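Have a look at the structure below, then the notes.
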Amino acid sequence: MNDNVRSTVDHLLNAPLFTVQQTPITLLALILFGVAILVTVLAARLAERATKRGFALRGVTDPGAAGLTARLVRYGVIGVGFGIAVQTFGVNLNSLFAATAFFAVALGFAMQNVAQNFVSGIILLTERTIKPGDVLLVESRLVRVTRMGLRATIARTRDDEDLIIPNAILVQNTVTNYTLRDALYRIRATVGVSYNANLNEVIRVLTRAASDFPARVETHEPRVLLTGFGDSSVNFEVSVWTHDPWLSRVDISALNSAIWTGLQEAHISIPFPQRDVHIVSQPPAAAEPHE
């Protein structure tokens, strides 16, 4: 009886139901295909959750970028699993791949820039060298990153303009990140004083103006340097460390005002450019002889 049941079950499982590319498809193959699809779906969900958890551990706060990456990982796992499941049928996928190879190459050329920006976005999100809130110098413009996506990064200028920066620019070019490790930023102000001024007095006044600057970082001492001798003035550079590079223009303006006030109180003049003009008189023209 057991042998008869086993024989019947084997016959049912291995009996050809239909053929695909001259390959007989049995009930057992269908069951294995279903199991492979189920395992693939479960693996895809686990991969998606693991990707989101990985982004969360790295501090990625943008749900759009993390969600899109996780979905792409999920679709990739589903694609691989579906290919393996179809192989259980004995179906040769090489012919299908060969038929779509031309279109894949054409699509690859058309999507070259998009793919380049996408890969760059993955690099930025995994390395975390640029994060939302960072202050960057990109193509001679100071911007603050507001949102990071897989194709482009959104940044805002100090004129409240939103810039859409392709991620490939941030990866392939040299970008200054002023807030990568800390927000310390050094501002510099230049000033020229009269040659008649006392050098030690000028340095004392400039040092006091920089030391009393409200936005200065207390742990970093200011620096006053004599940078050169101009045509009309002795030139100095005053440098101060501040807490926020985004406010550098405002801080430079305030530092210039403090320097101006200090020099005025010390009666140290800031000369304006002078030029000596020499007028050479021409001799009178000789009178023409009368005919």
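The values are calculated or read from the model by the stated rules, or taken from the named source; none is laboratory data. Everything numeric in this text was worked out from a predicted model, so none of it was measured. So basically every Cβ, Gly included, is an ideal-geometry build from the backbone, and we count neighbours across all protein chains shown. Accessible surface is based on the protein model in full, side chains and every heavy atom, while ligands, DNA and RNA are left aside. Shrake-Rupley method; radii C 1.70, N 1.55, O 1.52, S 1.80 Å.
So the values come out like this:
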read-out: Qualifying residue in the stretch 204-218 (condition: touching a residue at least 60 places away in the same chain (Cβ under 8 Å) and on the phi < 0 side of the Ramachandran plot); value: yes
read-out: Residue pairs meeting the criteria (Cβ under 7 Å; at least 6 apart or on separate chains; first over 16 Å from Ala197 (Cβ atoms) and open to solvent by 20 Å² or more (accessible area, probe 1.4 Å), in the stretch 227-246; second among the polar types (S, T, N, Q) and outside any strand (DSSP E or B)); value: none
read-out: Meets criteria (more than 11 Å from the chain's Cα centre (by Cα), closer than 20 Å to Asp244 by Cα and open to solvent by 10 Å² or more (accessible area, probe 1.4 Å)) for Arg156; value: yes
read-out: Selection from the stretch 209-226 of residues that are open to solvent by less than 40 Å² (accessible area, probe 1.4 Å) and touching a helix residue (DSSP H, G or I) at 6+ places or on another chain (Cβ under 9 Å); value: Ala209, Ala210, Phe213, Ala215, Arg216, Pro222, Val224
read-out: Unmet criterion (only one of (1) in a helix (DSSP H, G or I); (2) modelled with pLDDT of 70 or more; (3) touching a helix residue (DSSP H, G or I) at 6+ places or on another chain (Cβ under 7 Å)) for Phe118; value: (3)
read-out: Residue that is nearest to the chain's Cα centre (by Cα) [pool: residues in the stretch 1-57 that are surrounded by 12 or more Cβ atoms within 10 Å (Cβ to Cβ), at pLDDT below 70 and not in a helix (DSSP H, G or I)]; value: Val20
read-out: Number of the exception - Ser253 against (1) more than 25 Å from Leu137 (Cα to Cα); (2) assigned to a helix (DSSP H, G or I); value: (1)
read-out: Residue ID - nearest to Thr126 (Cα to Cα), chosen from residues in the stretch 73-88 that are open to solvent by 30 Å² or more (accessible area, probe 1.4 Å) and at pLDDT below 75; value: Ile84
read-out: Filter result (at pLDDT 95 or above and within 24 Å of Leu136 (Cβ to Cβ)) within the stretch 208-241; value: Ser239, Val240, Trp241
